[in-house]
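A.B. asks: Right, I'll just put the structure down here and ask away after.
The values are calculated or read from the model by the stated rules, or taken from the named source; none is laboratory data. As the structure is a prediction and not an experimental result, all values here were calculated from the model. Ideal geometry is used to build each Cβ from the backbone, glycine not excepted, and the neighbour counts take in all protein chains shown. Only protein heavy atoms, including side chains, enter the accessible area calculation; ligands, DNA and RNA are left aside. Shrake-Rupley method; radii C 1.70, N 1.55, O 1.52, S 1.80 Å.
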Amino acid sequence: MTEQTVSNSPYDVVIIGGGPAGLTAGMYAARADLRTLAIEGGSTVSQITATDVIENYPGIPGGANGLELVERFKAQAVGFGLETASGDVTAVTRKRFGDREGWEIVAGEQRYAALAVIIATGAAWRHLGVPGEERFIGRGVSFCATCDAPLFRNREVVVVGGGDTAIQEALYLTRFAKKVTVIHRRDRLRATAILQKRAFANEKIVFAWNTVVEAIDGLDLIQWVRLRDVKTGEKKELSVSGVFIFVGLTPNTAAFRDLVTADQGGGILVDANMQTSVPGIFACGDCTAKRLRQVVTACGDGATAAFSAQLYVEELKGVAY
Ligand code: NAP
């Protein structure tokens, strides 16, 4: 293979994922003059696009709508030369380009080649795994209040979970629903203090502490949930029209299980430079093993991953400073 082919053929960097982490990585890599492609998921709902208001992203007092914010990220990155494509990546395998080691990325019928890969596939909402949950998705079970809350105007709904997402979404649901019962398996919330205060002050929100959902049932649409008090064992049925489930996240990393090292929950292990266990493969944002999953931390990870990928590609090309 000639030098011309080598430099023209593979992308310098292919980023898998089009959320805050991937697009920030794309902006940094493209701005560093690397030929960069971001492959956005074809079938996944990105968390940020389903978020009504992000009020803790710096520099935007009053908050930003998630979809609008991610569209701004994309426009900014594309402005610096980022190329984009759409598709669900199912495999990343080693490939040689002349004397250089690189990667082939498979997304449906498409094959992309890259010298370095940044995985930024985010995370998906975890399911409860109780009877009725899968059956009633789209018929009362939801993982997105921003998407579905208006369908429950003047209805009674439950929110399952006690973290930031559950409480933020419960607050959003009160704009539409008559009553929102937050069902939490413990007797105190995990959510940040400011969200807790707002929820406790909201007359439409009530709490079912130390309680879990055992089953979701109805005829065509949801009519009730069966609850169990984990302390007393007492069971009861609650009539509701909607069940909003926010019990945490699962990193979208199944396609990379045999490629890079991950923790038990599937979060990709990275060092402070977003380097994975495999040279040339970087990861950033919610798909990594980390404690704080925020837009701002995803962006920071993305910038770091792009810089690391830049150093790696320059070293590979023999143009490192
Ligand atoms: P999370 O913080 O992991 O909380 C998950 C909640 O679901 C916990 O209360 C947990 O209970 C409960 N839970 C887990 N498995 C369960 C099960 N099988 N049955 C019943 N309950 C279960 O997840 P998250 O709220 O989606 O937040 C994810 C990340 O995004 C966090 O880093 C969070 O800070 C961030 N986030 C931030 C904001 C914001 O800053 N405004 C908004 C949304 C999300 P336990 O408490 O008992 O473990």
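A.B. asks: What do the square roots of 5 times the Cα gyration tensor eigenvalues come to for the range 23-172, in whole Å, largest first, as semi-axes of the equivalent ellipsoid? Intermediate values should be presented prior to the final figure.
C.D. replies: Numbers: eigenvalues 252, 89, 27 Å².
For the range 23-172, the ellipsoid semi-axes come out as 35, 21, 12 Å.
A.B. asks: Return, ordered by residue number, the residues of the range 289-321 whose backbone nitrogen is under 17 Å from a label point located 7 Å along Cα→Cβ of Glu55.
C.D. replies: Within reach of a label on Glu55: 295-296.
A.B. asks: Something else about it: Quickly work out the Val230-to-Arg186 label distance, labels modelled 7 Å from Cα along the C-beta direction, and quote it in nm with one decimal.
C.D. replies: 0.9
A.B. asks: Relative to the longest principal Cα axis of the chain, at what angle does helix 20-31 sit, 0 to 90 degrees, rounded to 10?
C.D. replies: Long axis of 20-31 versus the principal axis of the chain: about 20 degrees.
A.B. asks: Compare the Cα positions of Thr84, Ile105, Leu189 along the charge dipole of the chain (+1 at Cβ of Lys, Arg; -1 at Cβ of Asp, Glu; about the Cα centre) and return the one farthest towards the positive end.
C.D. replies: Toward the positive end, the furthest listed residue is Leu189.
A.B. asks: Work out how much length Arg135 to Glu68 would gain on full extension: take 0.36 nm times their residue separation and subtract the Cα-Cα distance, in nm to one decimal.
C.D. replies: Details: separation 67, 0.36 × 67 = 24.12 nm, distance 3.18 nm.
Contour length minus the Cα-Cα distance gives 20.9 nm.
A.B. asks: Expressed as a whole percentage, what fraction of the accessible surface of the range 165-288 belongs to carbon and sulfur atoms when a 1.4 Å probe is rolled over the protein heavy atoms? The partial results should precede the final answer.
C.D. replies: Values: 3010 of 6290 Å².
Ligands and nucleic acids excluded, carbon and sulfur give 48 percent.
A.B. asks: Where both residues lie in the chain, what percent of DSSP beta bridges are antiparallel, nearest 5? Walk me through the intermediate numbers first.
C.D. replies: Working: 31 of 64 bridges.
Bridges in the chain are about 50 percent antiparallel.
A.B. asks: In cubic angstrom, how much convex hull volume per residue do the alpha carbon atoms of the range 85-147 span? Write out the running numbers ahead of the final one.
C.D. replies: Values: hull volume 8.9 nm³, N = 63.
Considering the Cα atoms of the range 85-147, their hull volume per residue is 141 Å³.
A.B. asks: For the range 1-115, what % of the accessible area comes from carbon and sulfur atoms, probe 1.4 Å? Working shown, then result.
C.D. replies: Numbers: 2660 of 5690 Å².
For the range 1-115, the apolar C and S fraction of the accessible surface comes to 47 percent.
A.B. asks: Continuing with the same structure: If you place +1 on the Cβ of every Lys and Arg, -1 on the Cβ of every Asp and Glu, and leave all else neutral, what size is the dipole of the range 196-321 about its Cα centre, to the nearest 20 Debye? Numbers along the way, then the final one.
C.D. replies: Details: 13 positive and 14 negative charges, 91 e Å.
With only Lys, Arg, Asp and Glu charged at Cβ, the dipole is about 440 debye.
A.B. asks: Binning every alpha carbon pair distance of the range 116-167 at 10 Å from zero, what are the percents per bin?
C.D. replies: With a bin width of 10 Å, the distribution comes to 17, 47, 24, 9, 2, 0.
A.B. asks: How high is the FRET efficiency between Phe80 and Asn154 when r is their beta carbon distance and R₀ equals 45 Å, given to the nearest 0.05?
C.D. replies: On the way: r = 47 Å, r/R0 = 1.05.
Computed FRET efficiency for Phe80 and Asn154 comes out at 0.45.
A.B. asks: With all protein chains present, calculate the accessible area of Lys74 using a 1.4 Å probe and round the result to the nearest 10 Å².
C.D. replies: The value for Lys74 is about 70 Å².
A.B. asks: How much area per residue is accessible in the range 179-321 when the probe is 1.4 Å and only protein heavy atoms are counted (Å²)?
C.D. replies: Numbers: 7620 Å² over 143 residues.
Per-residue value: 53 Å².
A.B. asks: Return the unpartnered cysteines for the chain, using a Cβ-Cβ cut-off of under 4.7 Å.
C.D. replies: Those would be Cys284, Cys287, Cys299, since no other cysteine Cβ in the chain comes under 4.7 Å of theirs.
A.B. asks: What length, rounded to one decimal in nm, is gained on full extension from Ser277 through to Val206, with 0.36 nm per residue of separation minus their alpha-carbon distance? Intermediate results must be reported in sequence, preceding the final value.
C.D. replies: Working: separation 71, 0.36 × 71 = 25.56 nm, distance 4.56 nm.
Result: 21.0 nm gained on full extension.
A.B. asks: Which one of Phe307, Asn273, Thr288 has its Cα pushed farthest toward the positive end of the charge dipole of the range 240-316, where Lys and Arg give +1 and Asp and Glu give -1 at the Cβ?
C.D. replies: Going by the charge dipole, the pick is Thr288.
A.B. asks: Rounded to whole Å and sorted largest first, what semi-axes of the equivalent ellipsoid does the C-alpha gyration tensor of the chain yield via the square root of 5 times each eigenvalue? Can you show the working numbers first?
C.D. replies: Details: eigenvalues 352, 74, 56 Å².
Largest first, the chain gives 42, 19, 17 Å.
A.B. asks: Report, in deg cm²/dmol and to the nearest 500, the calculated mean residue ellipticity at 222 nm for the chain, where each DSSP H run with n ≥ 4 adds -39500 (n - 2.57) and the sum is divided by the residue count. Could you put the intermediate results ahead of the total?
C.D. replies: Values: 7 runs with 78 residues, N = 321.
Here the helix-only value at 222 nm equals -7500 deg cm²/dmol.
A.B. asks: Before I look further, what does the range 1-112 give for accessible area per residue, probe 1.4 Å, in whole square angstrom? Before the final figure, lay out each step's value.
C.D. replies: Values: 5660 Å² over 112 residues.
Per residue, the range 1-112 has 51 Å² of solvent-accessible surface.
A.B. asks: Give me the dipole magnitude in Debye, nearest 20, for the chain about the Cα centre, with unit charges on the beta carbon: positive for Lys and Arg, negative for Asp and Glu.
C.D. replies: Values: 34 positive and 35 negative charges, 223 e Å.
That gives a dipole near 1080 debye.
A.B. asks: Starting from one equal scatterer on each C-alpha and no solvent at all, send me the Debye-based log10 I(q)/I(0) for the range 150-282 at q = 0.18, 0.22 Å⁻¹, two decimals.
C.D. replies: Reported log10 I(q)/I(0), two decimals: -0.93, -1.19.
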